[in-house]
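The values are calculated or read from the model by the stated rules, or taken from the named source; none is laboratory data. Because the structure is a prediction, the values reported are computed rather than measured. Note that we place each Cβ from the backbone using ideal geometry, even for glycine, and neighbour counts take in every protein chain shown.
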């Protein structure tokens, strides 16, 4: 059990958490929510013992192992992927290394062997290693890595060969293999594809320890976490239900708080009126002084800012032709250094119609991003035809679109350049929806992080009069509130959308058609995302029985 009592944390004059109370009970699976900068990461660090509160206490049961996965994975070098993960298994790995050293000495014919005390130590280590599941450790590590998207034949490659996103998966695998008593996870789904998210979701549901996590993936959090804790406006508030329950209950509590504030204001106004009326009368002096002291002691009710995010509404877009994209016998293969080629997909047939909201799905590596690039005209097909219909104005977004931003411009100037006739307030509303407010809008592009640049580019694309949006993972780097702003805008968008996303909640509420890339072929499902899941599951079941 972990208990935080009367926690206060401040950075200079800014109070992050005031009088915070937080309890992690055995078996808890808690979703930690709140706006960026509210103190979620601070809370994680307090629980993990990486920081201490300015006031209050953090009590952790003796012997409790706490594992903390953060976005800062640190340096990884000198080991294979599998070795890096095994090294994160804590005491089990250390016991295994000591056992291996003793066994090496035992098997060395030129050595002096082990003393009686060392043999006794070896027996104790063997028992402990077996009790902790050490003999199955490598197999479990391989299973976790496979679940997180690492093919078996790449798990013994040097970790230096992998990008930052894949190193994040290695760090995540280390924490999962550790199987701590309390698992703290800060955005574990970042850098994961949909298949890995589904696998992680199942793993966490079966996890027997306590879990506290943040996630921008609403469906993932709702499926895994049965309690919700909000960190906002200096307060830590517990809700005894999942994320959907939290949203409903938060609104009820807010309405109750507003009603209480109105009653308090009415009461204070009445008292102040009495004081003003009788302050000059000696006969009422005692009553006046009593009421003055009473209202001075009353703690004023403060209603936090409305948590509802800014809404973005598209201007009316020019009408395109009824056929937006037509694909006939479409193929794509990437050339290889040896003169050969790597096939991505072939024989793709499909039509995107005006006002379709198409979700493009498929396993990692199926070629979804490549197909979007072909449609956007960023790469030529190897064979077949991909024709764009008349009067189609296409806007394309990917993780690398931000390369077209001008480093010397400010965030505000980038959007203003695309909307020269728009009022400054309208531009700030768009930027506010994507987490840029106040002085943030005057930051220069050159100093922004990769995630910030992606959000600026998304705001730029969505501000232009485009009638066909081609979006490759647009929800990355957006928190839940901003994702829902984008979702609402796309639902109301009068044009056509084709999107790749690993956010299932997003796809469920947006898509009215689904294209699936599977084994190089494109299949169309004439229904929404739920229809696609039902049909594709049924088809896989039939194939397994065949």
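If you check 138, 195, 160, which single one turns out to be farther than 20 Å from residue 68 by Cβ, in contact with a helix residue (DSSP H, G or I) (Cβ under 8 Å, 6 or more places away or on another chain), assigned to a helix (DSSP H, G or I) and not assigned by TED's automatic domain parsing to the domain that holds residue 398?
Only one candidate qualifies: 138.
Please work out which residue is surrounded by the fewest Cβ atoms within 10 Å (Cβ to Cβ), limiting yourself to the range 224-241 and to residues that are in a loop (DSSP other than H, G, I, E, B) and touching a strand residue (DSSP E or B) at 6+ places or on another chain (Cβ under 7 Å).
Restricting to residues being in a loop (DSSP other than H, G, I, E, B) and touching a strand residue (DSSP E or B) at 6+ places or on another chain (Cβ under 7 Å), the top hit is 240.
Inspect the range 343-353 for any residue being touching a helix residue (DSSP H, G or I) at 6+ places or on another chain (Cβ under 9 Å) and not assigned by TED's automatic domain parsing to the domain that holds residue 423 and give the result as yes or no.
no
Inside the range 319-403, counting only strands (runs of 3 or more DSSP E) that do not spill past its ends, which hold 3 or more residues that are more than 21 Å from residue 536 (Cα to Cα) and touching a strand residue (DSSP E or B) at 6+ places or on another chain (Cβ under 6 Å)?
It comes to 323-335, 341-353, 383-388, 394-397.
Residues in the range 113-125: is at least one part of a helix (DSSP H, G or I), in contact (Cβ under 8 Å) with a residue 40 or more places away in the chain, surrounded by 11 or more Cβ atoms within 10 Å (Cβ to Cβ) and more than 27 Å from the chain's Cα centre (by Cα)?
No, the range 113-125 contains no residue that is part of a helix (DSSP H, G or I), in contact (Cβ under 8 Å) with a residue 40 or more places away in the chain, surrounded by 11 or more Cβ atoms within 10 Å (Cβ to Cβ) and more than 27 Å from the chain's Cα centre (by Cα).
From the set of residues in the range 62-93 that are at pLDDT 85 or above and assigned to a helix (DSSP H, G or I), which is surrounded by the fewest Cβ atoms within 10 Å (Cβ to Cβ)?
83
Looking only at residues in the range 231-288 that are farther than 21 Å from residue 214 by Cβ and in contact (Cβ under 8 Å) with a residue 24 or more places away in the chain, which one is nearest to the chain's Cα centre (by Cα)?
254
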